[in-house]
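In what follows, a single structure is set out as structure tokens and then discussed.
The values are calculated or read from the model by the stated rules, or taken from the named source; none is laboratory data. None of these values were measured; they are calculated from a predicted model. Glycine gets a Cβ as well: all are built from the backbone with ideal geometry, and neighbour counts include every protein chain shown. Heavy atoms of the whole protein, side chains included, go into the accessibility calculation; ligands, DNA and RNA do not. Shrake-Rupley method; radii C 1.70, N 1.55, O 1.52, S 1.80 Å.
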Amino acid sequence: MVKKNYNEAEPKDAEIVDVQKDGFEDTVPVERQVQRKLKQRHLQMIAIGGTIGTGIFVSSGASIAAAGPGGALVSYLLVAVMVYFIVMSLGEMSALIPVSGAFTTFASRFVDPALGFTLGWIYWAQWAISIPSELTAAGFIIQFWNPDFPIWASSLIIIVVLFCVNLIGVRIYGETEYWLSLVKVLTVIAFIIVGRTFDNSSTKTGILVDAGAVGGQAIGASSWQLPGAAFNQGALGIFQVLLFAFFSFGGT
């Protein structure tokens, strides 16, 4: 019997490890434990891509329309600060106590098992709601280019592919997450570049990606200069956009 020590090398497949969980020791064969086959590049890109939720692609225009550009910016900054401190706290606890469990493990250990139980089911409910909404959003996007293709068919194909990827193995999962996250990052960069205002000697062309409009007039910061447009609906607009902002940070 070998005690688990995170400072030592991983034991061989034939060895048995004692795992302590919730005050009880349990004997688990190594071959039945989680396989650590994700590379550093997988983890880095998953972390970056995980901060980009569906809301940033689908609901950005609705956020600006509801609260104005200033109100939307304030809402996203508030959520970003909250997410930053939460992630930093989780990182510190994970570095202090590297356990093979979800964040609910820390809630059970530092607060109460009831809190960990509650957080686990809340997290499940959050994804049970988020995944169907994201699949529906993907179906709407695909239907934009192919109006005759039903939304339910697009959602079914995507969920089957994702389900199969999760069944194949952790290495395939890591590669799939890596490339899909890279596509998301490149898409955001492309939106930022295409959304810039271009100016040359002959014409001024502004491309507003959220609206899909291309014209001969430079838009620039004109939305901030309209009377009452920067902070549309005031504080009420900011609180309305908080929902979109939280959804945009989904996965973080």
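Key figures
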item: Condition met for GLY55 (under 30 Å from ILE141 (Cα atoms), surrounded by 15 or more Cβ atoms within 10 Å (Cβ to Cβ) and at pLDDT below 75); result: yes
item: Selection from region 170-187 of residues that are surrounded by fewer than 14 Cβ atoms within 10 Å (Cβ to Cβ) and charged (D, E, K, R); result: ARG171
item: Which listed residue is modelled with pLDDT of 85 or more and over 23 Å from GLN44 (Cα atoms), from TRP224, TRP179, TRP152; result: TRP152
item: Filtered residues of region 100-125 (kept if out of contact with any Leu (no Cβ under 8 Å at 6 or more places or on another chain), open to solvent by less than 80 Å² (accessible area, probe 1.4 Å) and assigned to a loop (DSSP other than H, G, I, E, B)); result: GLY101, ALA102, ASP112
item: Residue that is surrounded by the most Cβ atoms within 10 Å (Cβ to Cβ), among those in region 67-99 that are more than 19 Å from the chain's Cα centre (by Cα) and under 21 Å from ILE52 (Cβ atoms); result: ALA67
item: Criterion: hydrophobic (A, V, I, L, M, F, W, C), in contact with a helix residue (DSSP H, G or I) (Cβ under 8 Å, 6 or more places away or on another chain) and in contact (Cβ under 8 Å) with a residue 60 or more places away in the chain - qualifying residue of ALA107, ALA102, ALA137; result: ALA137
item: Subset of region 126-155 that is farther than 21 Å from LYS184 by Cα and assigned to a helix (DSSP H, G or I) - its residue that is most open to solvent (accessible area, probe 1.4 Å); result: TRP152
